[in-house]
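Only one structure is covered here, and it is reproduced in the block below.
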Amino acid sequence: MTIIDRWFARTARRLAQHTSRRSFLARFGVAIAGGAALPLLPVARPAGAAPREPAPGEPDPTSPEGDPNACTYWRYCAVDGFLSSCCGGTHTSCPPGTEMSAITWLGTCRNPADGKDYVISYNDCCGKDICGRCFCQRNEGDKPVYYTHKSNDINWCMGTESSIYNSTVAVVVGVATES
Ligand code: ABN
(Lines give C-alpha, C1' and ligand atoms only; values in the text may rest on other atoms or scores of the structure.)
Protein backbone atom coordinates (compact mmCIF):
# COMPACT_ATOMS: atom_id res chain seq x y z
CA MET A 1 0.00 0.00 0.00
CA THR A 2 1.47 3.35 -0.99
CA ILE A 3 1.36 6.44 1.19
CA ILE A 4 -1.49 7.82 -0.94
CA ASP A 5 -3.53 4.64 -0.59
CA ARG A 6 -3.04 4.73 3.18
CA TRP A 7 -4.13 8.42 3.31
CA PHE A 8 -7.31 7.69 1.34
CA ALA A 9 -8.13 4.67 3.50
CA ARG A 10 -7.64 6.67 6.70
CA THR A 11 -9.75 9.61 5.41
CA ALA A 12 -12.54 7.29 4.27
CA ARG A 13 -12.58 5.53 7.66
CA ARG A 14 -12.79 8.85 9.51
CA LEU A 15 -15.57 10.08 7.23
CA ALA A 16 -17.52 6.86 7.78
CA GLN A 17 -17.11 7.15 11.57
CA HIS A 18 -18.39 10.73 11.68
CA THR A 19 -21.12 10.68 9.05
CA SER A 20 -24.33 8.70 9.04
CA ARG A 21 -25.52 7.42 5.67
CA ARG A 22 -28.63 9.59 5.92
CA SER A 23 -26.71 12.83 6.56
CA PHE A 24 -24.23 11.94 3.80
CA LEU A 25 -27.10 11.47 1.32
CA ALA A 26 -28.74 14.73 2.48
CA ARG A 27 -25.51 16.70 1.93
CA PHE A 28 -24.82 14.96 -1.34
CA GLY A 29 -28.35 15.85 -2.53
CA VAL A 30 -27.90 19.51 -1.58
CA ALA A 31 -24.59 19.63 -3.43
CA ILE A 32 -26.11 18.11 -6.57
CA ALA A 33 -29.22 20.38 -6.50
CA GLY A 34 -27.11 23.51 -5.77
CA GLY A 35 -24.74 22.65 -8.59
CA ALA A 36 -27.63 22.25 -11.00
CA ALA A 37 -29.06 25.64 -9.98
CA LEU A 38 -25.76 27.51 -10.49
CA PRO A 39 -26.07 27.92 -14.27
CA LEU A 40 -29.44 29.63 -13.67
CA LEU A 41 -27.94 32.45 -11.62
CA PRO A 42 -27.61 35.83 -13.36
CA VAL A 43 -24.19 36.51 -14.87
CA ALA A 44 -22.81 39.86 -16.04
CA ARG A 45 -21.75 39.22 -19.62
CA PRO A 46 -19.40 41.89 -21.00
CA ALA A 47 -20.05 40.45 -24.46
CA GLY A 48 -23.58 42.03 -24.21
CA ALA A 49 -22.07 45.51 -24.51
CA ALA A 50 -21.38 45.70 -28.22
CA PRO A 51 -18.59 48.09 -29.24
CA ARG A 52 -20.03 51.48 -30.11
CA GLU A 53 -19.62 52.60 -33.72
CA PRO A 54 -18.86 56.28 -34.36
CA ALA A 55 -21.89 58.12 -35.82
CA PRO A 56 -21.19 59.36 -39.37
CA GLY A 57 -18.82 62.32 -39.26
CA GLU A 58 -18.28 61.95 -35.50
CA PRO A 59 -15.08 61.01 -33.64
CA ASP A 60 -14.69 57.64 -31.90
CA PRO A 61 -17.29 57.68 -29.04
CA THR A 62 -14.77 56.11 -26.67
CA SER A 63 -12.37 59.08 -27.13
CA PRO A 64 -12.73 62.23 -24.96
CA GLU A 65 -13.68 64.32 -28.03
CA GLY A 66 -16.29 61.77 -29.13
CA ASP A 67 -18.26 61.24 -25.90
CA PRO A 68 -21.31 63.57 -25.70
CA ASN A 69 -21.57 62.92 -21.95
CA ALA A 70 -18.10 64.39 -21.34
CA CYS A 71 -17.23 68.08 -21.22
CA THR A 72 -14.32 67.28 -23.56
CA TYR A 73 -16.74 66.41 -26.42
CA TRP A 74 -15.74 68.47 -29.45
CA ARG A 75 -19.08 70.32 -29.84
CA TYR A 76 -18.84 71.72 -26.29
CA CYS A 77 -15.84 73.96 -27.05
CA ALA A 78 -17.83 77.14 -26.31
CA VAL A 79 -20.50 75.85 -23.92
CA ASP A 80 -21.40 77.22 -20.50
CA GLY A 81 -24.04 75.12 -18.77
CA PHE A 82 -25.25 71.70 -17.66
CA LEU A 83 -25.09 69.05 -20.39
CA SER A 84 -28.55 67.91 -21.49
CA SER A 85 -27.05 64.47 -22.22
CA CYS A 86 -26.49 64.01 -18.46
CA CYS A 87 -29.94 65.33 -17.56
CA GLY A 88 -32.26 62.90 -19.35
CA GLY A 89 -31.86 64.33 -22.84
CA THR A 90 -29.11 63.94 -25.43
CA HIS A 91 -26.51 66.36 -26.80
CA THR A 92 -29.06 67.42 -29.44
CA SER A 93 -32.39 67.00 -27.62
CA CYS A 94 -33.70 68.46 -24.38
CA PRO A 95 -34.74 66.34 -21.37
CA PRO A 96 -38.42 65.30 -21.31
CA GLY A 97 -40.63 68.03 -19.85
CA THR A 98 -38.38 70.89 -21.01
CA GLU A 99 -38.63 73.15 -24.02
CA MET A 100 -35.70 74.09 -26.26
CA SER A 101 -34.99 77.81 -26.51
CA ALA A 102 -35.18 79.30 -30.00
CA ILE A 103 -32.73 82.07 -29.10
CA THR A 104 -29.21 80.69 -28.64
CA TRP A 105 -25.52 81.25 -28.24
CA LEU A 106 -23.38 80.23 -31.23
CA GLY A 107 -19.82 78.91 -31.13
CA THR A 108 -17.37 77.52 -33.64
CA CYS A 109 -15.71 74.18 -32.85
CA ARG A 110 -13.30 71.98 -34.79
CA ASN A 111 -14.46 68.42 -35.41
CA PRO A 112 -11.42 66.13 -34.99
CA ALA A 113 -13.10 63.52 -37.23
CA ASP A 114 -12.62 65.65 -40.36
CA GLY A 115 -10.59 68.67 -39.16
CA LYS A 116 -13.35 71.12 -40.24
CA ASP A 117 -14.81 73.97 -38.17
CA TYR A 118 -18.54 73.85 -37.47
CA VAL A 119 -20.98 76.45 -36.18
CA ILE A 120 -22.59 75.04 -33.03
CA SER A 121 -25.84 76.29 -31.53
CA TYR A 122 -26.04 76.04 -27.73
CA ASN A 123 -29.79 76.04 -27.10
CA ASP A 124 -30.92 76.07 -23.50
CA CYS A 125 -33.57 73.63 -22.24
CA CYS A 126 -36.21 75.44 -20.24
CA GLY A 127 -39.09 74.74 -17.90
CA LYS A 128 -37.63 72.42 -15.26
CA ASP A 129 -35.40 73.18 -12.31
CA ILE A 130 -31.68 73.48 -12.98
CA CYS A 131 -30.25 70.02 -13.73
CA GLY A 132 -27.07 70.31 -11.66
CA ARG A 133 -25.24 67.43 -13.39
CA CYS A 134 -22.25 67.65 -15.75
CA PHE A 135 -21.57 71.37 -15.53
CA CYS A 136 -19.34 72.26 -18.46
CA GLN A 137 -17.70 75.62 -19.06
CA ARG A 138 -15.23 75.76 -21.93
CA ASN A 139 -15.97 79.26 -23.16
CA GLU A 140 -13.97 79.34 -26.40
CA GLY A 141 -14.70 82.71 -28.01
CA ASP A 142 -16.68 83.89 -25.00
CA LYS A 143 -16.57 87.60 -24.11
CA PRO A 144 -17.57 89.36 -20.86
CA VAL A 145 -21.30 89.58 -20.34
CA TYR A 146 -21.45 93.30 -21.14
CA TYR A 147 -20.93 92.28 -24.81
CA THR A 148 -24.30 90.54 -24.53
CA HIS A 149 -24.22 89.14 -28.06
CA LYS A 150 -20.74 87.68 -27.50
CA SER A 151 -21.28 86.15 -24.05
CA ASN A 152 -22.39 82.59 -23.31
CA ASP A 153 -23.12 83.43 -19.66
CA ILE A 154 -26.75 84.18 -20.42
CA ASN A 155 -29.99 82.35 -19.76
CA TRP A 156 -31.42 81.84 -23.26
CA CYS A 157 -34.80 80.72 -21.89
CA MET A 158 -36.46 83.72 -23.49
CA GLY A 159 -39.62 83.45 -25.54
CA THR A 160 -40.19 80.00 -24.07
CA GLU A 161 -43.18 79.16 -21.87
CA SER A 162 -40.91 79.15 -18.84
CA SER A 163 -37.71 81.09 -18.21
CA ILE A 164 -36.40 78.44 -15.78
CA TYR A 165 -33.06 77.12 -17.07
CA ASN A 166 -32.39 73.36 -16.91
CA SER A 167 -29.54 72.39 -19.26
CA THR A 168 -27.98 72.98 -22.69
CA VAL A 169 -27.69 71.10 -26.00
CA ALA A 170 -25.09 71.47 -28.77
CA VAL A 171 -26.54 71.30 -32.29
CA VAL A 172 -24.46 71.53 -35.47
CA VAL A 173 -25.77 74.40 -37.61
CA GLY A 174 -23.35 74.03 -40.49
CA VAL A 175 -19.74 74.22 -41.62
CA ALA A 176 -18.00 77.49 -40.73
CA THR A 177 -16.80 79.06 -43.96
CA GLU A 178 -14.80 81.99 -42.51
CA SER A 179 -12.28 82.06 -39.70
N1 ABN B 1 -26.83 79.47 -21.30
C2 ABN B 1 -26.54 78.82 -20.09
C3 ABN B 1 -26.80 79.69 -18.91
C4 ABN B 1 -28.03 79.65 -18.30
C5 ABN B 1 -28.26 80.43 -17.18
C6 ABN B 1 -27.26 81.26 -16.70
C7 ABN B 1 -26.02 81.28 -17.32
C8 ABN B 1 -25.78 80.48 -18.43
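The values are calculated or read from the model by the stated rules, or taken from the named source; none is laboratory data. Here the structure is a predicted model, which means the values were calculated and not measured. With ideal geometry, Cβ positions are generated from the backbone for all residues, glycine too; neighbour counts draw on all protein chains shown. Heads up: the accessible areas ignore ligands, DNA and RNA and are worked out on the full protein's heavy atoms, side chains in. Shrake-Rupley method; radii C 1.70, N 1.55, O 1.52, S 1.80 Å.
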Top positive-direction residue, dipole computed over the range 64-175 with Cβ charges, set T108, T160, G81
T108
Can you check what the net charge comes to around V119, using other residues whose Cβ is under 14 Å from the Cβ of V119 (Lys, Arg +1; Asp, Glu -1)?
0
For the ranges 94-100, 170-176, what's the packing order if you count other beta-carbon atoms within 10 Å of each residue, average per peptide, and put the highest first?
94-100, 170-176
Hey, can you rank 85-93, 120-128 by average C-beta count inside 10 Å, highest first?
120-128, 85-93
Please list, in order, the residues from the range 100-119 whose amide nitrogen is less than 18 Å from a point placed 7 Å along the Cα→Cβ vector of D60.
111-115
What percent does the relative contact order of the range 64-175 come to when contacts are Cα pairs within less than 8 Å and at least six residues apart?
35
Taking only protein heavy atoms into account and a 1.4 Å probe, give the accessible area per residue of the range 64-175 in Å².
49
The range 64-175, accessible surface, carbon-and-sulfur percent (1.4 angstrom probe)
53
How big is the range 64-175 on each of its three principal axes, counting only the C-alpha atoms and giving the largest first in Å?
38, 32, 22
Order of exposure, largest accessible area first, which applies to L83, L106 with probe 1.4 Å
L106, L83
